[in-house]
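Chemist: Just passing along the structure, written as structure tokens.
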Protein chains: 2
Amino acid sequence: MQDLIKTMKALSDETRLRILNVLLERECCVCEVMQALDISQSRASRNLGILEDAGFLTAKRDGVWTVYSVDWQAANRYATSLAKLLKGSPISNGVSAQDKERLKHAVRVGPAGLRK
Amino acid sequence: MQDLIKTMKALSDETRLRILNVLLERECCVCEVMQALDISQSRASRNLGILEDAGFLTAKRDGVWTVYSVDWQAANRYATSLAKLLKGSPISNGVSAQDKERLKHAVRVGPAGLRK
DNA sequence: AGAGTATATGCGGGTATGCGCATACCCACT
DNA sequence: AGTGGGTATGCGCATACCCGCATATACTCT
């Protein structure tokens, strides 16, 4: 579940969505991204790093440049797994299983009702 | 693009993913969710509201209870649009279009290089 | 109307996030 | 080795987020 959260967090920022949008066009080094989005160098670098850490991008060194490109395979994996989630397949996870177990015994009374 | 960000933000929280997971099982009122996840009432209510605002849930009043259920149609819409995004279809948006335009003129030089 | 219960929300505090600035790091070239 | 340019990162600040507590609101029943 933590991986899924990291994935979603990576996609819930405008800068990073714009980066992804640009990288879908073609692979870029940091300085190209900063020019395309008209943002600072540290901002570009950091957000590229976050997207890479989340698994959406791969980085390769090309001399002085670090070239980032979309990891299509991983992106597809995320897309399909998320689609599956939203179409009804529940999260297979320890915590989630506990939740569902407790749900079986849950009744329509709130905190006050339970206090009795 | 702001909608997409809101959608992703809604999914980037453990509590909300657990709620979604439980609601995929069956529709629930607030007090059932708080029991299933063993969380406080305000926490359950607030996060249910966030998921509803993002479009994943619909709420209907049933007497004292507010019953939340997954909006399958909307969820499917999100799933497919995200899948499309990750499979290469760029974001159609004013800002993103500007970015791509600037990308055409971007070159492999950084801030120092541009200063010259 | 009044009491009781379920849900929503204002408020304050702790934590996480995103950014710019400055600087460290890394690589190529001389 | 030293210099220059591209990239990563520590730090501090402003802001956003999440939560619990207390309270307000909504609904039902007597």
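The values are calculated or read from the model by the stated rules, or taken from the named source; none is laboratory data. Computed from a predicted structure; not experimentally measured. All Cβ positions, glycine included, derive from the backbone under ideal geometry; neighbour counts span all protein chains shown. Heads up: the accessible areas ignore ligands, DNA and RNA and are worked out on the full protein's heavy atoms, side chains in. Shrake-Rupley method; radii C 1.70, N 1.55, O 1.52, S 1.80 Å.
Chemist: Could you say which residue among A:LEU11, A:LEU24, A:LEU20, A:LEU37 is at pLDDT 85 or above and in contact with an Asp or Glu (Cβ under 6 Å, 6 or more places away or on another chain)?
Modeler: On the way: A:LEU11 fails: in contact with an Asp or Glu (Cβ under 6 Å, 6 or more places away or on another chain); A:LEU24 fails: in contact with an Asp or Glu (Cβ under 6 Å, 6 or more places away or on another chain); A:LEU20 fails: in contact with an Asp or Glu (Cβ under 6 Å, 6 or more places away or on another chain).
Just a single option satisfies the conditions, and that option is A:LEU37.
Chemist: Within region A:71-86, can one find any residue that is open to solvent by 10 Å² or more (accessible area, probe 1.4 Å), closer than 18 Å to B:VAL109 by Cα and of a type outside the set (S, T, N, Q)?
Modeler: Within region A:71-86 (the criterion being open to solvent by 10 Å² or more (accessible area, probe 1.4 Å), closer than 18 Å to B:VAL109 by Cα and of a type outside the set (S, T, N, Q)), the answer is no, since none of the residues qualifies.
Chemist: If you go through region B:81-99 one residue at a time, do you hit one that is modelled with pLDDT of 75 or more and not in a helix (DSSP H, G or I)?
Modeler: no
Chemist: Moving to a separate point now. Please specify each residue of region A:1-56 satisfying the condition of being closer than 26 Å to A:ALA83 by Cβ and among the hydroxyl-bearing types (Ser, Thr, Tyr).
Modeler: A:THR7, A:SER12, A:THR15
Chemist: Oh, and also: Mind listing whichever residues of region A:45-73 are outside any strand (DSSP E or B), farther than 24 Å from A:GLN2 by Cβ and near DNA strand C (Cβ under 8 Å from one of its atoms)? Write out each step before concluding.
Modeler: Of the residues in region A:45-73, the ones outside any strand (DSSP E or B) are A:45-56, A:63-64, A:71-73.
Then drop every residue that is not farther than 24 Å from A:GLN2 by Cβ, which leaves A:45, A:63-64.
Passing the criteria: A:GLY63, A:VAL64.
Chemist: Go through region B:6-19 and give me each residue that's surrounded by 23 or more Cβ atoms within 10 Å (Cβ to Cβ) and more than 7 Å from chain A (Cβ to nearest Cβ).
Modeler: Passing the criteria: B:ALA10, B:ILE19.
Chemist: When you scan region B:100-116, how many residues do you find that are touching a helix residue (DSSP H, G or I) at 6+ places or on another chain (Cβ under 8 Å) and either at pLDDT 70 or above or farther than 19 Å from A:VAL33 by Cβ (or both)?
Modeler: Residues that pass the stated criteria total 8.
Chemist: While we're looking at this one, here's another question. Exactly one condition in (1) part of a helix (DSSP H, G or I); (2) within 21 Å of B:GLU101 (Cα to Cα); (3) more than 7 Å from chain B (Cβ to nearest Cβ) is not met by A:ASP3; state its number.
Modeler: For A:ASP3, the failing item is (2).
Chemist: Moving to a separate point now. When region A:7-29 is examined, which residues are found to be within 12 Å of DNA strand C (Cβ to nearest atom) and in a helix (DSSP H, G or I)? I'd like the intermediate steps shown before the answer.
Modeler: The initial filter retains those residues of region A:7-29 that are within 12 Å of DNA strand C (Cβ to nearest atom), namely A:8-19.
Result: A:MET8, A:LYS9, A:ALA10, A:LEU11, A:GLU14, A:THR15, A:ARG16, A:LEU17, A:ARG18, A:ILE19.
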